[in-house]
Amino acid sequence: MKVQTDDEQMGRLSDNQIIERLQAASDAEDVFAATREWSLEKMRLSIHSRGDYFDRKGTVVLERDGEEMLRVCMCSLPVTIGRGEKADCRLDFEGISRLHCRLESVGNLIRLCDAGSKNGTRLNGKNIDYEDLCDGDELELGVVSLRVRRV
């Protein structure tokens, strides 16, 4: 019988551990068990996300001082945000890069991803590379603060 580590008992397997287990199960011709374990692990990871669930037909609104600046339907994700012509959604403010960030759908979650912007992307005062959004979050792009609202 295999003894589980603390991380395994807590449901935290690294991607490498998952790949190793899939390979071992494949070698043992037990692919069903391997894919079941992989699916359960991915489900555990999604449960621990900080993000709110958004209706797949719903909308996320970004507001500045109560004024709607951007409205994006979940069905149109992924979208890019920036001040440049190639951005799907344009926000022409100081400090916003031509291609600043991206909103993408991860199941019923909306993930905000920095697109390598010069001034970075902040969520609730913290610099991020990517993070799942919650209703009421404060997003900072350059010098612009935007409030996330689920509609």
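The values are calculated or read from the model by the stated rules, or taken from the named source; none is laboratory data. Just so we're clear, the structure is a prediction, and the values are computed from it rather than from any experiment. Here the Cβ is made from the backbone with ideal geometry for all residues, glycine too, and neighbour counts use every protein chain on show. The accessibility values were calculated without ligands, DNA or RNA, using every heavy atom of the protein model including side chains. Shrake-Rupley method; radii C 1.70, N 1.55, O 1.52, S 1.80 Å.
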**Prompt:** If you scan the range 105-146, which residues turn out to be within 16 Å of V61 (Cβ to Cβ) and more than 13 Å from the chain's Cα centre (by Cα)?
**Reply:** D135, G136, D137, E138, L139, L141, V144, S145, L146
**Prompt:** Across the range 107-133, what is the number of residues that are in contact with a strand residue (DSSP E or B) (Cβ under 7 Å, 6 or more places away or on another chain), of a type outside the set (D, E, K, R) and over 18 Å from R71 (Cβ atoms)?
**Reply:** 10
**Prompt:** With (1) over 15 Å from G51 (Cα atoms); (2) assigned to a strand (DSSP E or B); (3) open to solvent by 80 Å² or more (accessible area, probe 1.4 Å) as the list, and T80 as the residue in question, which single condition is left unmet?
**Reply:** (3)
**Request:** Can you confirm whether the range 12-21 contains a residue that is outside any helix (DSSP H, G or I), more than 16 Å from L133 (Cβ to Cβ), modelled with pLDDT under 65 and among the aliphatic types (A, V, I, L, M)?
**Result:** no
